[in-house]
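These notes concern the structure reproduced below.
Quick note: the coordinates plus some simple rules give every number you see, no bench work behind them. What you see is a predicted model, and the numbers here were worked out from it, not measured in a lab. Cβ atoms come from the backbone with ideal geometry, glycine included; neighbour counts cover every protein chain shown.
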Protein chains: 2
Amino acid sequence: MRRTELILTIAGFCLMTATASSIWSVQHATAQDSIYMPQHNTKGELILPKNHSWRDWPYVGSMVTPNALNGGEAPFPEHHVTYIDPVSWQHYKKTGKFREGTVIAKELTRVRAPDGANKDGSTDEVSGTGYFMGEYSGFEITIKSKKLYPKEPGNWAYYSFGHKPEPYNAVAKKQPTEACAACHQASAAEDMVFTQFYPVLRAAKPK
Amino acid sequence: MRRTELILTIAGFCLMTATASSIWSVQHATAQDSIYMPQHNTKGELILPKNHSWRDWPYVGSMVTPNALNGGEAPFPEHHVTYIDPVSWQHYKKTGKFREGTVIAKELTRVRAPDGANKDGSTDEVSGTGYFMGEYSGFEITIKSKKLYPKEPGNWAYYSFGHKPEPYNAVAKKQPTEACAACHQASAAEDMVFTQFYPVLRAAKPK
């Protein structure tokens, strides 16, 4: 084998290895768009994650505070669904801690009542009487970062992209500390996160 | 450069490329244990997925049918949380169809009432009055496979690992068709899946 042929053979093998490795990567990467880095604009506003990517993230819990049980309009109407970014989820499972850079997202939907509802806002469906999910009605994010939010309690900052149907706002300003952090600080079980409502986190925490 | 040195240089570069690619892959792969293949034992029973891996899967919806609103014991007590396996999720987003091999998991939790509850089973929490998640109380799986279940309606088979706190049963027998499929066939909006209750699926379906 001549020197040029030898180089080409090795280079070809190298390319094959890299390609095979990339295909394997892509199979895994497409299964979950797993790494999310929060992006801010030049005004410091948080940009709405693209393509509803939070809906690919691990789910940690949900609750429902129906308007009908809360004087007509609940503070968070009505189903709340909470997600954590995948990298921080892996970190939490290993350490039981919310790492620097943890992102927690909360999406809201109205209760379902297409054909009327009971007085308490519930509906009668084939699996029983209760609260089922209607249309989307809001989206919020909280981020823990000592680097970005050195003065916020627990280094958590809170952003709301609106309590309204989609489309959500494209950007969100950081909420004043008293708007969100005060309540999380007073009542949340663990590092300002309401883990008492999230069985997934309770179960995942290392013993 | 001598021939041996040249080969070693190219081989070294090749190794570096493969290693870098592998590190990238691992970062993605660990973020989500993304590929689940249902496993059956020799009796044809479905084996409980290991390490609660469904809690890493995409969430598609949740509902709550409180015992207190269902004559003391709801058919599915009480919060139901539904997940879809990640590969089938990607397929659904592209095609709006449940592919051969789709796995949908449903995990149940009781409502939270550590310090007593209201008459309707709700509790008063800092975010309002409503239904919050207590402890796990059951786990079920359904699989769509023409190959495995040619005679089942829509080729869906249903398995229950118990309506009880963890640990769930290690294996589950296939449910009789009339136990689950009949109701899904009669009332579910799309291919025997209750997409009318799952905003994530409704939003993800290609227009």
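A few points about this structure:
- Across the identical copies, how the B:I47 labels are spaced - nm, sorted shortest first, 7 Å along Cα→Cβ: 4.5
- Computed on the Cα trace of region B:33-204, the radius of gyration divided by the Kirkwood hydrodynamic radius gives Rg/Rh = 0.97.
- Between this copy and the others, label points of A:K119 are 0.9 nm apart in ascending order, each placed 7 angstrom from Cα in the Cβ direction.
- Nearest-20 debye value, region A:33-204 charge dipole, Cβ charges on Lys, Arg, Asp, Glu: 780
- For A:V171, the residues whose modelled amide H falls within less than 5 Å of its own, excluding neighbours fewer than 5 places apart on the same chain, are A:L48.
- 3J(HN,Hα) along region A:86-101, derived from phi through the Karplus expression 6.51 cos²θ - 1.76 cosθ + 1.60 where θ = phi - 60°, amounts to x, 5, 5, 5, 4, 5, 5, 4, 7, 10, x, 10, 8, 6, 3, x Hz, with x in place of Gly and Pro.
- Neighbouring Cβ atoms from other chains, within 10 Å of the Cβ of residues in B:64-70, number 6 on average.
- Summing charges over all other residues whose Cβ lies under 12 Å from the Cβ of B:E152, with Lys and Arg as +1 and Asp and Glu as -1, gives +4.
- Legend: mean number of C-beta atoms from other chains within 10 angstrom of residue C-beta atoms, peptide B:84-90, equals 3.
- Once both labels are positioned 7 Å from their Cα atoms along Cα-to-Cβ, the gap between A:A170 and A:Q185 label points is 3.4 nm.
- With a simple spin-label model that places each label point 7 Å from the Cα along the Cα-to-Cβ direction, the separation between B:I35 and B:K205 comes to 3.0 nm.
- Shortest first, B:S187 label-point distances to identical copies amount to 3.2 nm, with the label point at 7 Å from Cα along Cα→Cβ.
- Rounded to the nearest whole Hz, the Karplus-based 3J(HN,Hα) values (6.51 cos²θ - 1.76 cosθ + 1.60, θ = phi - 60°) of region B:107-114 follow the sequence 10, 10, 9, 6, 6, 8, 8, x, with x at glycine and proline.
- Mean per-residue shielding of peptide B:75-81 is 4, counting Cβ atoms of other chains within 10 Å of each Cβ.
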